[in-house]
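Here's the structure we're looking at; comments come further down.
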Amino acid sequence: ALGNLYRSTGQYQDAEYEYEKALETDPSSVEALVGLGGIYRLQNRLEEAEAVLTRAIGLHPGDAGAYQSLGRFLFRSGRYREAAEQYRFAVALKPDDMHSQANLGAAYMLDGNFTAAVPAFEKAIETEATKMAYSNLGLLHYYLGEYDAAIESHRAAVRLASKDYLALSNLGDALWFAGKPDEARQVFETARTLALDALDVNSNDPSLLIDAAWINAMLGSADEARALMERARRLAPDDPYTHYYDGLILLKSGYEDAALKALEIAAEKGYSRQMLAAEPHLEPLRHSPRFSAIVEGS
């Protein structure tokens, strides 16, 4: 419990110490192993993180949560096909678990397998209509260019979690491309307030910093966005999402060459090339042979 508390407030060394103390008491504790693996990832100790999460599965091969945790690590590392494999194990162990189904759909989606993603997301909503399930379905519609359907799903997610800055940010993106910029801005303003509140609690979470940077970029606050991204890059230099969002923000600020360089790094580190091809915010790069080479992996 102390490890979880320290982790949630960005005190990662203290969290690591507490998880290790917990493992001294119970060396086979999945919760402690998963917590320690998460701390290693946040400290950019990726090989150690994967080893600890794999160890949790070896100790408890019947625990769906252990497969979920390794799947989340692989997903964050851009290894979507491997993540999907772990999520399939989790679904096999707990067929009616919404989180496993939703995560499986997300892994399929980021791997570019939209056909397989749809039934996984629909099954997740059928099992339990949560914010996460609706958000994932909304993202799938967004990448397919079905913006009205994306808005509908994201609105459902926001209704279930009105204080979730990421759900609001996703809705803002869909509204933007549906030709509703004024409403999109209102949504992003609310999202920014909530994201900044979250940063007051934990300013060392790279994912939170990235999300806050993107929200600021969509609101035209370029300097704030760059400052947040610089901190995220220092904390998570090997995370493909860091470089992907860096590229989006650079492009939005008019720095095409720098954006392409960031996207090249994102793809090299594992970000889905199929999703780069599908991302509406990257439309200005469609003319670029260099962007085509990134998407094609050539």
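The table for this structure:
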{"read-out": "Mean-position separation - Cα centroids, the stretch 38-57 and the stretch 201-216, in angstrom", "value": "21"}
{"read-out": "Dipole magnitude of the stretch 55-204 about its Cα centre (Cβ charges: Lys, Arg +1; Asp, Glu -1), debye to nearest 20", "value": "360"}
{"read-out": "At least 15 Å along the helix axis (C-alpha) and Kyte average at least 0.5, DSSP helices within the chain", "value": "30-42, 46-59, 114-127, 165-177, 206-218"}
{"read-out": "Per residue solvent-accessible surface (Å²) - the chain, probe of 1.4 Å", "value": "45"}
{"read-out": "For Leu160, net neighbour charge (Lys/Arg +1, Asp/Glu -1) across residues whose Cβ lies under 14 Å away", "value": "+1"}
{"read-out": "Accessible surface of the chain [probe 1.4 Å, protein heavy atoms]: carbon and sulfur percent", "value": "50"}
{"read-out": "Cα gyration tensor, the stretch 1-65 - rounded (a/c under 1.5), prolate or oblate", "value": "oblate"}
{"read-out": "Unit charges on C-beta of K, R, D, E only; dipole of the stretch 227-274, Debye", "value": "120"}
{"read-out": "Cβ-based net charge around Asp96, under 11 Å, with every Lys or Arg adding one and every Asp or Glu removing one", "value": "-1"}
{"read-out": "Rough spin-label spacing in nm, given labels placed 7 Å along Cα→Cβ, for Gln13 and Ala258", "value": "3.2"}
{"read-out": "Residues of type lysines that Lys180 reaches as a straight line, Cα spacing below 26 Å, ignoring anything fewer than 8 places off in the same chain", "value": "Lys131, Lys163, Lys252"}
{"read-out": "Label corresponding to Rg and Dmax of the Cα atoms in Å when calculated from the structure given, among (1) 21.2, 75; (2) 18.8, 59; (3) 22.6, 70", "value": "(2)"}
{"read-out": "Dipole moment magnitude, nearest 20 debye, the chain about Cα centre, only Lys, Arg, Asp, Glu C-beta charged", "value": "320"}
{"read-out": "For the chain, calculated [θ]222 nm from helices alone, where every DSSP H run of n ≥ 4 adds -39500 (n - 2.57)", "value": "-24500 deg cm²/dmol"}
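The values are calculated or read from the model by the stated rules, or taken from the named source; none is laboratory data. Because the structure is a prediction, the values reported are computed rather than measured. Positions of Cβ are generated from backbone atoms using ideal geometry, with glycine treated the same way; all protein chains shown enter the neighbour counts. All accessible areas refer to the heavy atoms of the entire protein, side chains included, with ligands and DNA or RNA removed. Shrake-Rupley method; radii C 1.70, N 1.55, O 1.52, S 1.80 Å.
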